[in-house]
Amino acid sequence: MRARRRRLVFRRLPPLARREALWGLAFLSPWLIGFLAFTLVPMLATFGFTFTNINLNQNEPLHFIGLENYRTLAGDSQVWTSLGITLKFGLLFLPVTLIIPLALAMLLNSRYVRIPGFFRTLFYMPYIVPLVASVLIWNGYLNAETGWLNEALRFLGVSNPPNWMNDTRWIYNSLIIIALWGIGSSMVVNLASLQGVPTELYDAAKVDGAGWWGSLANVTLPMISPVIFYNLMIGIVAVFQYFLVPLVLNEGTGEPGGATMFSNLYLYKTFFTFQDMSYGATQAWLLFVIILAITLVLFKTSKHWVYYAGETR
Amino acid sequence: MATSLTLKKIAREKAPAGQTAAREGARSWGATLATVILLAAFLSPLLRMASMALKTNEQILAPDSPIWPAKQAIFTYQGKEYEVFKVPLPEGTRELALYKKGRSESQFIDPANPEAGPVTWQGSWRALPRSWQWSVSWKNFSEVWRLIDYPRLLRNTIAIAVLSMIGVLVSCILVAYGFARFRIPGKGLLFGLLVSTMFLPATVTLIPTYTVFAKLGWVGTWLPLIVPAFFANAYDVFLLRQYFMTIPREMDEAAMMDGAGPFRILRSIILPQSWPAVVAVAIFHLVYAWNDYFSPLIYLSTRPDLQPIAVGLSRFNGIHYTNPALIQTATLMTMVIPVLIFFFTQRFFMQGVVVTGVEK
């Protein structure tokens, strides 16, 4: 029905416009095919897998097993422990990775800081360091005995500095520190957005008697809210996909004490180590539904707090 | 009367202006200095990595060694080499060369005054802190080069990165051109769909994709890393489209009047004017492919001979984790190329980051 209407739309176009539309579709075709082959069909297949017993390790005949995977999921305490870990980490990760890049961008945007271009390049640079390399660099830097952070803390008089990488109470802080090394991209985007705020608005705020906090709250934050929103959405997806750092650190064992068995790490082990595709797909689907729900709610609320200048939305 | 008033006014305003300038200058120095300190702390892990890479394993195992690359100071006396220690003497700590070892007393030579001959010191020389001097060791690099098989890792990484870069460039240019220039029914919807894939968690498509690649026999080959690149991705299409849209349409139309077809317009009008965006996409992808760990990990886990450098480094860490000097050297050798590419092309890089991040 819809397809026929689509065809009608095309037929109703005048010949020249139809030619243009066909050319356009031809140019879009690599993405259209890719979207079908690598996004839409696999997404639906992930859902389909959850009702089957696909496992690359065994040659059991493929058949539908109904809601069996969902029953396993509900009874699998590791799934819920991992989800708790992921949420807890997210509550730490999101505020830090939203505020620190913004604060850094505001510092570099300040008229008092000289050579901002130089600073911008160097603060961005660790973002280019390959993930595995930065994990190994930080694993050394945060080493309880030989790491420079603890050397510095001992120098400052802290007699018993934390065991950053092996203590369940400190590991999340360490992971956040490692994550902060990659704020470069977010900082550059924030900075560009800050530079786009018209200076007249600050002058107007000053005339109205606004101080530093006043113009931050009434001018800066509303004007850059689209960028904050974008970073928040990207951050949420990143939190639920977070697992590569612990995977490199401890080869995916979840050490210390299971504290780094993030949802996605457990999913990785299910599908890759045990080759259990259908149960892995069930976990993936659960995570997808959670991400979708959170981002949709945020999207709905965005019209109350995200301000798009010059747009009527 | 009026003039003197004005002068007074100027004088009154001038004094605070001078003060303000001084205060501004001080603030500027303060803020810049604070930023320098922040940056130094931010980049200090890189300094530790470089320092470790230049140390010998012997130094790392010595608890009294400095944080910079060093070796124990050596003093040559009468054609023989002697190790230098920090010896506590009544007149203060002196750096002396250990001439004759003994259990409870040893003889030392003062390098500053060797003619004076050996002096005897009471105590065990083993308890003495060593004296270190700046010394850089390049041995780790040659050792890692050999152990990790660096040439092979480089070959694999470059091959994967360049082949997939060709795919990204060709497909993303075509798709971005389609989105930038053609009136297509439902184009807004399609573009929204494209942008929304940026927020799609990769895990939701991963398992069936992996299963299909496994069934096709592609696991253990480079194909899963290269073929998908030929089907465009949202970030690069977005960046290119934004750039293409800034090129005036009149130029297309003039070319069209001259009988140029869509491919001809793309080649002779659009591309020559968008090379900064094209270069940005190429560099973005090179660095991305260089740093990518997860895809090569799952698709090439059974074929170490085909793995790129990120996976090679993580394997190397699994084998040599007890030797931190080697680990940090291998890390340095892994990151040096993307970081150099970044420094040489940072202008394009920054523009690209800004376009994909701000303009949505």
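The values are calculated or read from the model by the stated rules, or taken from the named source; none is laboratory data. This is a predicted model, so every value here is computed, not measured. Quick reminder, even Gly has a Cβ in these numbers, built from the backbone with ideal geometry, and neighbours come from all protein chains shown. What goes into the accessible areas is simple: the full protein's heavy atoms, side chains included, and nothing from ligands, DNA or RNA. Shrake-Rupley method; radii C 1.70, N 1.55, O 1.52, S 1.80 Å.
List of remarks:
- Selection within the stretch B:91-107 - farther than 25 Å from B:PRO66 by Cα and open to solvent by 30 Å² or more (accessible area, probe 1.4 Å): B:LYS100, B:ARG103, B:SER104, B:GLU105, B:GLN107
- Scan of the stretch A:149-187 for residues that are more than 15 Å from A:LEU98 (Cβ to Cβ), under 22 Å from the mean Cα position of the chain (by Cα) and within 14 Å of another protein chain (Cβ to nearest Cβ), ordered by number: A:SER174, A:ILE177, A:ILE178, A:TRP181
- The residues in the stretch A:104-144 that are part of a loop (DSSP other than H, G, I, E, B), among the polar types (S, T, N, Q) and within 7 Å of another protein chain (Cβ to nearest Cβ) can be counted, and the count is 1.
- Taken together, A:TRP138, A:TRP148 contain a single residue that is among the aromatic types (Phe, Trp, Tyr), touching a residue at least 40 places away in the same chain (Cβ under 8 Å) and closer than 23 Å to A:THR260 by Cβ, which is A:TRP138.
- Filtering the stretch A:254-294 to residues that are out of contact with any Ser or Thr (no Cβ under 8 Å at 6 or more places or on another chain), surrounded by fewer than 19 Cβ atoms within 10 Å (Cβ to Cβ) and touching a residue at least 12 places away in the same chain (Cβ under 8 Å) leaves A:GLU255, A:THR273, A:PHE274, A:GLN275, A:LEU286, A:ILE290, A:ILE294.
- Members of the stretch B:193-249 that are part of a loop (DSSP other than H, G, I, E, B) and farther than 24 Å from A:PHE272 by Cα: B:ALA232, B:ASN233, B:THR246, B:ILE247, B:PRO248
- Any chance B:VAL168 is open to solvent by less than 50 Å² (accessible area, probe 1.4 Å), more than 7 Å from chain A (Cβ to nearest Cβ) and at pLDDT 95 or above: yes
- Qualifying residue in the stretch B:313-326 (condition: within 30 Å of B:ALA180 (Cβ to Cβ), modelled with pLDDT of 90 or more and in a helix (DSSP H, G or I)): no
- Considering the stretch B:100-139, the qualifying strands (runs of 3 or more DSSP E), each wholly inside and each with 2 or more residues that are modelled with pLDDT under 85, run over B:119-122.
- For the stretch A:38-58, the set of residues classified as closer than 15 Å to B:PHE231 by Cβ and more than 7 Å from chain B (Cβ to nearest Cβ) consists of A:LEU40, A:VAL41, listed by residue number.
- The stretch B:323-335, subset over 11 Å from B:ALA50 (Cα atoms) and open to solvent by 30 Å² or more (accessible area, probe 1.4 Å), residue farthest from the other protein chains (Cβ to nearest Cβ): B:ASN323
- Residue in the stretch A:190-242 that is farthest from A:PHE89 (Cα to Cα), counting only those that are facing chain B (nearest Cβ under 9 Å) and part of a loop (DSSP other than H, G, I, E, B): A:GLY196
- The number of residues in the stretch B:208-266 that are β-branched (Val, Ile, Thr), facing chain A (nearest Cβ under 9 Å) and within 31 Å of the chain's Cα centre (by Cα) comes to 2.
- Every listed requirement among (1) open to solvent by 50 Å² or more (accessible area, probe 1.4 Å); (2) without any contact (Cβ under 8 Å) to a residue 12 or more places away in the chain is met by A:ASN250 save one, (1).
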